[in-house]
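*Asks:* Please see the structure below; I have some questions.
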Amino acid sequence: MKKAQYGSIPEQRRCQANLINQSRQSFSVSLMRREEGGDSEDSKGRIGVDQGSAFSGSSQCTSFESHDASVTRDVQEKHFLRATCVLEDLIEEELDRYRSYYTRPVDPARHDDLSKPLQLASVGWLGDWRPTAMLTLLTGLAQSSGSFCDPAGIERTVSGLVREARIEEAVIDGELAEIQATCVLNPPFAFAGNHHGRPSPRRNGPELQKIKQVMAKAQQLRFKTLETVVRKVPNMSDAAEFLTVFERIQQALHRFATDHELRHGEVSFSTKGLGILDST
Amino acid sequence: MPKSSTLFPFKKTSRRFKSYHRDWLESLRNRLLPRLCRSISAPTASLDDLSAHVSALLGHFQTYYAALDRAAASPDQVPLLLDPPWRGPLERSFLFLGDLHPYLFTNLLRSLLDGDGSGDEYELGCNLDFNKDGQLVEKQWQTAMAWRNSSESLRPRIEEIERGLRLMLPALLGRMRAAQMRFVGHLAAGWPEDCGDEAAAAVIGEAAAEEMEELGRVLRDVNRLRHSTISEIVGATTVYEAALFLQALGEFVIGLASLD
């Protein structure tokens, strides 16, 4: 699960996430105003963002004030376009952040993975989010939350992607299972002297290399799935909304899993009738 | 009925899995495996001895899977059992749903049967001893020739076991995936618009409780597969074959645990 998101989130990232959110919120405010003002422009497929709040907190923010009845259509259009660019940039930055995380070299021996057991069990697949779970999350959110402009468009986009991602997941599952089931034939360790000696790990052996390759493939599929769905969703503000909620869900899940680990950090079992001596 | 998770940590008859796993491994490494190996190679050891050591080692694996099953009965413990922190990260990457892949057992048996199990590692023929009359000790001969003289019914039996695994394993993975999808679905359906921490934790908690119940069942089912596959293999082989199979399996488990 994304390390950068937990613990110390860089302030800049938090601002950006807020900004996307503000853009989204002001998007609806802007729509309302336009509707109240009899603006007949079709809201679907357009990013109409109230520039005042969209730019607040950004270094580019200058001296825009709130809407005024006298603001001309041209100026409004210009502001909308600028806000669209801001939203586009923010989405790209978010994607870049996921890209750099999901394309970093994979090392199965690393201990610094901050994802918690409950996170991995609940949505995990080869160490991080299951790609099809990301897609199912988006469809579910689009259906139940009122914050998405084009739920039908989202569903259309996702249904095609789910089929593809599911096949690719199954292929990677098969590759991993093959390694796990045949590692006994070419063990990732060697016994010193004869097989009664002490085993020593083959850290650069072919089995571990294969594991690394499969994990890297899984990372690529994760990013590809996220990137594709964000780019293909018909409405850009829906993409931004999804990235925002996805981030929040990841943080909430991480908090919950951390708390769960504190409460249930040990595994116990009843030894009754098993003939196992009590713990020393 | 009270949940087992609330009872187990406080009952005197309960035990921490981490320390159990450590002792289990120690016992395998220092006691059971050396005894089995001695019994396989020592000319003086009787067939009864060999048979007793085979039973002891099989029992060791069976007890382990029974303990895993009991631990998995508590949904709160399922996340840790699926990615056990008492096993190192390198070892964990070779594990399937928290332990050895069920196919690993049949693959190991096949490799022994086909005689390509790591070259001469499992080859015992070169160590044959003769008694004072120059006769080969019967048990040793049987052990050395175990795979060459294996019963004709063994291969069909392996195929039968593998067919069972082929049917069961994809279904188990499918159930795990479906449980995750339901979890995500619940999360999306109940995700609070106001993003309050407490409301979010409540939604996650409810969805996770249901998911962990199902993942616990999946875990127990895959344990049963591991447990039954080992038992079926030992049941289908001669005592000599079973001894060599369990010896190779025990060594593999110890080797894997030494990865980290």
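*Asks:* Kindly indicate whether B:Ala257 is touching a Gly at 6+ places or on another chain (Cβ under 9 Å) and within 30 Å of A:Ser147 (Cβ to Cβ).
*Replies:* no
*Asks:* Pairs please, first residue from region B:64-93 and buried (at least 20 other Cβ atoms within 10 Å of the Cβ), second anywhere and of a type in the set (Phe, Trp, Tyr) and outside any helix (DSSP H, G or I), Cβ atoms under 6 Å, 6+ apart in sequence or on different chains.
*Replies:* B:Ala67/A:Phe269; B:Arg70/A:Phe269; B:Ala71/A:Phe269
*Asks:* Out of all the residues in region B:216-239, which are surrounded by 23 or more Cβ atoms within 10 Å (Cβ to Cβ) and outside any helix (DSSP H, G or I)?
*Replies:* The one that is surrounded by 23 or more Cβ atoms within 10 Å (Cβ to Cβ) and outside any helix (DSSP H, G or I): B:Thr237.
*Asks:* Tally up the residues in region B:79-106 that are within 7 Å of chain A (Cβ to nearest Cβ) and either over 18 Å from B:Phe252 (Cα atoms) or part of a helix (DSSP H, G or I) (or both), please.
*Replies:* Summing the residues that are within 7 Å of chain A (Cβ to nearest Cβ) and either over 18 Å from B:Phe252 (Cα atoms) or part of a helix (DSSP H, G or I) (or both) in region B:79-106 gives 10.
*Asks:* Here's a follow-up. Going by the conditions given, is B:Ala242 within 30 Å of A:Arg130 (Cβ to Cβ) and either more than 9 Å from chain A (Cβ to nearest Cβ) or buried (at least 20 other Cβ atoms within 10 Å of the Cβ) (or both)?
*Replies:* In short, no.
Residues are listed down the side, and each one gets a yes or a no for (1) touching a Ser or Thr at 6+ places or on another chain (Cβ under 7 Å); (2) modelled with pLDDT of 95 or more:
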site: A:Cys85; (1), (2): no, no
site: A:Ser100; (1), (2): no, no
site: A:Arg110; (1), (2): no, no
site: A:Leu141; (1), (2): no, yes
site: A:Gly153; (1), (2): no, yes
site: A:Ala165; (1), (2): yes, yes
site: A:Asp173; (1), (2): no, yes
site: A:Leu176; (1), (2): no, yes
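*Asks:* From B:Ser55, B:Ser111, B:Ser51, grab the single residue that is within 10 Å of chain A (Cβ to nearest Cβ) and part of a helix (DSSP H, G or I).
*Replies:* Going through B:Ser55, B:Ser111, B:Ser51 in turn, just one is within 10 Å of chain A (Cβ to nearest Cβ) and part of a helix (DSSP H, G or I): B:Ser111.
*Asks:* Any residue in region B:196-224 that is within 15 Å of B:Ser74 (Cβ to Cβ) and among the basic types (Lys, Arg) sitting within a Cβ distance under 6 Å of a residue that is modelled with pLDDT of 95 or more and surrounded by fewer than 21 Cβ atoms within 10 Å (Cβ to Cβ)? List the pairs, counting only those 6 or more apart or interchain.
*Replies:* B:Arg220/B:Asp69
*Asks:* Moving to a separate point now. Count, please, the residues in region B:232-250 that happen to be under 20 Å from B:Glu26 (Cα atoms) and of a type outside the set (A, V, I, L, M, F, W, C).
*Replies:* 2
*Asks:* Going by the structure shown, is A:Val267 at the interface with another protein chain (Cβ under 9 Å from one of its Cβ atoms), in contact with a strand residue (DSSP E or B) (Cβ under 9 Å, 6 or more places away or on another chain) and either crowded, with 18+ Cβ neighbours inside 10 Å or more than 18 Å from A:Leu135 (Cα to Cα) (or both)?
*Replies:* It is true that A:Val267 is at the interface with another protein chain (Cβ under 9 Å from one of its Cβ atoms), in contact with a strand residue (DSSP E or B) (Cβ under 9 Å, 6 or more places away or on another chain) and either crowded, with 18+ Cβ neighbours inside 10 Å or more than 18 Å from A:Leu135 (Cα to Cα) (or both).
*Asks:* If a residue has to be in contact with a helix residue (DSSP H, G or I) (Cβ under 7 Å, 6 or more places away or on another chain) and facing chain B (nearest Cβ under 8 Å) to count, how many in region A:244-254 make the cut?
*Replies:* Within region A:244-254, residues that are in contact with a helix residue (DSSP H, G or I) (Cβ under 7 Å, 6 or more places away or on another chain) and facing chain B (nearest Cβ under 8 Å) number 4.
*Asks:* When region B:155-181 is examined, which residues are found to be in contact with a Leu (Cβ under 9 Å, 6 or more places away or on another chain) and within 11 Å of another protein chain (Cβ to nearest Cβ)?
*Replies:* Hits for region B:155-181 are B:Leu165, B:Leu169, B:Leu173, B:Met176, B:Ala179, B:Gln180.
*Asks:* In region B:179-193, which residue that is modelled with pLDDT of 95 or more and touching an Asp or Glu at 6+ places or on another chain (Cβ under 8 Å) is nearest to A:Trp129 (Cα to Cα)?
*Replies:* B:Gln180
*Asks:* Among the residues in region B:47-56, are any touching a residue at least 24 places away in the same chain (Cβ under 8 Å) and either of a type in the set (Val, Ile, Thr) or touching an Asp or Glu at 6+ places or on another chain (Cβ under 7 Å) (or both)?
*Replies:* yes
*Asks:* Evaluate the following for B:Val184: is it facing chain A (nearest Cβ under 9 Å) and out of contact with any Ser or Thr (no Cβ under 9 Å at 6 or more places or on another chain)?
*Replies:* When the stated conditions are applied, B:Val184 does not pass them.
*Asks:* Out of curiosity, is B:Gln140 at pLDDT below 70, more than 12 Å from chain A (Cβ to nearest Cβ), farther than 15 Å from B:Leu246 by Cα and surrounded by 17 or more Cβ atoms within 10 Å (Cβ to Cβ)?
*Replies:* Spelling it out, B:Gln140 is indeed at pLDDT below 70, more than 12 Å from chain A (Cβ to nearest Cβ), farther than 15 Å from B:Leu246 by Cα and surrounded by 17 or more Cβ atoms within 10 Å (Cβ to Cβ).
*Asks:* Additional query: So which of A:Glu241, A:Glu227, A:Glu175 ends up being more than 23 Å from A:Glu88 (Cβ to Cβ), among the charged types (D, E, K, R) and either within 13 Å of another protein chain (Cβ to nearest Cβ) or within 23 Å of the chain's Cα centre (by Cα) (or both)?
*Replies:* Answer to the check: A:Glu175.
*Asks:* Looking for something within 9 Å of another protein chain (Cβ to nearest Cβ) and assigned to a helix (DSSP H, G or I) - is there at least one such residue anywhere in region A:145-165?
*Replies:* no
*Asks:* Let me ask something else about it. Output the residues belonging to region A:222-242 that are hydrophobic (A, V, I, L, M, F, W, C) and surrounded by fewer than 21 Cβ atoms within 10 Å (Cβ to Cβ).
*Replies:* If the condition is that a residue be hydrophobic (A, V, I, L, M, F, W, C) and surrounded by fewer than 21 Cβ atoms within 10 Å (Cβ to Cβ), then A:Phe223, A:Met236 are the ones that fit.
Residues are listed down the side, and each one gets a yes or a no for (1) at pLDDT 95 or above; (2) away from every other protein chain (no Cβ under 11 Å); (3) within 18 Å of B:Gly216 (Cα to Cα):
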residue: B:Leu7; (1), (2), (3): no, no, yes
residue: B:Lys12; (1), (2), (3): no, no, no
residue: B:Trp24; (1), (2), (3): yes, no, no
residue: B:Arg31; (1), (2), (3): yes, yes, no
residue: B:Arg70; (1), (2), (3): yes, no, yes
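The values are calculated or read from the model by the stated rules, or taken from the named source; none is laboratory data. On a predicted model such as this, the values are computed, not experimentally measured, just so you know. Note that we place each Cβ from the backbone using ideal geometry, even for glycine, and neighbour counts take in every protein chain shown.
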